[in-house]
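Enquirer: One structure is given below, represented as structure tokens, and several questions about it will come after.
The values are calculated or read from the model by the stated rules, or taken from the named source; none is laboratory data. The structure presented is a predicted model; accordingly, all values stated were derived computationally and were not measured. We place every Cβ from the backbone using ideal geometry, glycine too, and count neighbours over all the protein chains shown. SASA here: full protein model, heavy atoms, side chains in, ligands and nucleic acids out. Shrake-Rupley method; radii C 1.70, N 1.55, O 1.52, S 1.80 Å.
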Amino acid sequence: MAQALRHQYLGLIRDGIFKENAIFKLALSLCPSIAVTNNLRNGVLMGIAVLFVQVMVNITISLMRKIIHPRIRLPIFMLVISGWVTVTDMTMAAFAQDAYKQMGLYIQLIVAFASILARAEMFASKNKLVPSLFDGVGMGVGFLFALTVISFFRELLGKGSLWGVPVIDAKPLLIMVLPAGGFFAVGILMGFFNWISMRNARKGY
């Protein structure tokens, strides 16, 4: 029994990172994948913020699922999301001021992320606390993973640096730090990860 539960919970995390990755597989909440991934620090911090909000929203909705009336569930979900986004926004404003100056608006826009609302509706509102917690961790880590990979390549190719530290002594591809470069990077990486998924599916993984 314990082994089956452990396998189920690990499966939820694995699915959130790979099979149901919000950006690479579901193409949800693409705005931050373009707007804040022109350097690695912003991408990682944004991913951590989304991870925190996703987990806390899933936990809250799961605990409240029996008292939320179906007719008003979406406004309640949005209220819960906005509450946790406010906590995240105020925390970053206090402890990561430099990064917050560059991405503060996008932190506030987490309220409108379809990926968070979708998991509240599709999973947390229908499942108990522990599965909802692991689902939130999986989806949040998947989002963090996607933003980290995108921002890694964009900063490396567009600025020749990582986390602001120069690592390549060559002429950078400036287009990679522009919005067009963001769309290009997301498209290439999305295609790459979907190709891996299709290849694994043919092998029966």
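Enquirer: For LEU162, what residues show an amide H to amide H distance below 5 Å, using hydrogens built from the backbone and excluding near sequence neighbours?
Expert: VAL167
Enquirer: Oh, and also: How far apart, in nanometres, would the label points at LEU174 and ALA112 be if each is projected 7 angstrom from Cα along the Cα-to-Cβ direction?
Expert: The answer from the label model is 3.0 nm.
Enquirer: Another question, then. Can you list the DSSP H helices in the chain whose Cα atoms extend at least 27 Å along the helix axis and whose mean Kyte-Doolittle hydropathy is 0.0 or higher?
Expert: 40-64, 73-95, 129-159, 179-203
Enquirer: Okay, next question. For region 11-111, what does the accessible surface come to per residue with a 1.4 Å probe? Please give it in Å². If you can, show how the numbers build up before the last one.
Expert: Details: 4930 Å² over 101 residues.
That works out to 49 Å² for each residue.
Enquirer: Something else: If you add up the charges near PRO172, with Lys and Arg at +1 and Asp and Glu at -1, over every other residue whose beta carbon is less than 14 angstrom from its beta carbon, what do you get?
Expert: +1
Enquirer: Compute the separation of the alpha-carbon centres of region 64-94 and region 1-63 and state it in Å as a whole number.
Expert: The distance from the Cα centre of region 64-94 to that of region 1-63 comes to 17 Å.
Enquirer: Another question about this same structure. Taking LYS66 as the anchor, which lysines have their alpha carbon closer than 28 Å to its alpha carbon, excluding any fewer than eight residues away along the same chain?
Expert: Within the straight-line cut-off, LYS66 pairs with LYS126, LYS128.
Enquirer: With a Cα-only, solvent-free Debye model of region 93-153, what are the log10 I(q)/I(0) values at q = 0.19, 0.23, 0.26, 0.29 Å⁻¹?
Expert: So the normalised log intensities are -0.87, -1.03, -1.09, -1.14.
Enquirer: Relative contact order for the chain using alpha-carbon pairs under 8 Å, separation at least 6, rounded to a whole percent? Can you show the working numbers first?
Expert: Working: 287 pairs, mean separation 74.4, N = 205.
The normalised contact order for the chain reaches 36 percent.
Enquirer: Say the dipole of the chain comes from +1 at the beta carbon of Lys and Arg and -1 at that of Asp and Glu; which of THR86, TYR9, ILE188 then lies farthest toward its positive end?
Expert: TYR9
Enquirer: How high is the FRET efficiency between LEU26 and LEU129 when r is their beta carbon distance and R₀ equals 22 Å, given to the nearest 0.05?
Expert: About 0.35, to the nearest 0.05.
Enquirer: Per 0.36 nm of contour for each residue apart, how much would the distance between LEU74 and LYS19 grow if the chain were fully extended, relative to their Cα-Cα spacing?
Expert: Taking 0.36 nm per residue and subtracting the Cα distance, the gain is 17.3 nm.
Enquirer: Using a simple spin-label model with points 7 Å from Cα along the Cα→Cβ vector, what separation in nm is obtained for SER161 and ALA94?
Expert: Taking the simple label geometry, SER161 and ALA94 are separated by 3.0 nm.
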